Amino acid sequence: MSTPYELLGGESGVRRLADEFYKVMAERKEAQKIRKMHSENLSPIKEKLFMFLSGWMGGPDLYLMKHGTICLSSPHAAYKIGSDERDQWLACMDQALLNIEASEEVREMLKEPMFQLADVMRNAD
Ligand code: HEM
């Protein structure tokens, strides 16, 4: 069975997804609350999300190699993340997947695990 990394087109596809994700976050009216939690310059976090998703989706473990861990709880601990923030994050991801024309197969494959991952970042109601 193919990994989401392969189904998205490997490195270039996953990079496109990370870029598109923060583009959607910047443009989406409903996401402004979470956009404001991020730095003005989104370039460094685009790279970090790309590196994290690469390993998480079955490709090279770039984030692990650079940061020595794949635990994202501590970088998120400084921000109040409740179910609203989680759901806005997930809505941006759904839209980004549509914008890069990810197949229904890979979108379906990612749905539940992506929810579980985002829910791990939740530290408030
Ligand atoms: C599947 C869920 C998520 C993934 C994969 C993810 C990924 C990441 C990564 C890789 C980083 C950089 C960590 C580092 O500094 O090494 C980060 C930072 C951050 N994330 Fe998330 N995240 C997720 C969910 C969320 C949610 C739900 C929020 C809610 C608002 C959020 C808000 C933030 C913020 C504010 C930062 C710091 C940004 C900055 O420094 O500019 N994340 N995230």
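Data table
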| item | result |
| --- | --- |
| Residues (in contact (Cβ under 8 Å) with a residue 24 or more places away in the chain and surrounded by fewer than 18 Cβ atoms within 10 Å (Cβ to Cβ)) located in region 48-59 | Gly58 |
| Residue check for Gly59: within 21 Å of Arg35 (Cβ to Cβ) and not charged (D, E, K, R) | no |
| When residues of region 87-125 are limited to those that are over 22 Å from Glu20 (Cα atoms) and out of contact with any His (no Cβ under 8 Å at 6 or more places or on another chain), the one farthest from the ligand (Cβ to nearest atom) | Asp125 |
| Every pair of residues 6+ apart whose Cβ atoms lie under 8 Å, when the first sits in region 101-125 and is among the polar types (S, T, N, Q) while the second is more than 15 Å from the ligand (Cβ to nearest atom) | Ser103/Leu7 |
| Matching entry among Glu27, Glu112 (being modelled with pLDDT of 95 or more and more than 22 Å from Leu7 (Cα to Cα)) | Glu27 |
| Helices (runs of 4 or more DSSP H) wholly inside region 61-125 containing at least 2 residues that are hydroxyl-bearing (Ser, Thr, Tyr) | 73-76 |
| Single residue of region 15-26 satisfying the filter (closer than 21 Å to Tyr79 by Cα and over 10 Å from the mean Cα position of the chain (by Cα)) that is surrounded by the most Cβ atoms within 10 Å (Cβ to Cβ) | Met25 |
| Pairs where the first residue, in region 23-47, is touching a residue at least 60 places away in the same chain (Cβ under 8 Å) and the second is surrounded by fewer than 16 Cβ atoms within 10 Å (Cβ to Cβ) and among the charged types (D, E, K, R), C-beta under 7 Å, 6+ apart | none |
| Test: residue in region 31-43 that is under 24 Å from Asp125 (Cα atoms), crowded, with 16+ Cβ neighbours inside 10 Å and not hydrophobic (A, V, I, L, M, F, W, C) | yes |
| Restricting region 45-86 to residues that are of a type outside the set (Phe, Trp, Tyr) and within 15 Å of Leu110 (Cα to Cα), the residue that is nearest to the ligand (Cβ to nearest atom) | Leu53 |
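The values are calculated or read from the model by the stated rules, or taken from the named source; none is laboratory data. What you see is a predicted model; the values in this text were computed from it and never measured. A quick note on method: Cβ atoms are made from the backbone with ideal geometry, for glycine too, and the neighbour counts reach across all protein chains shown.
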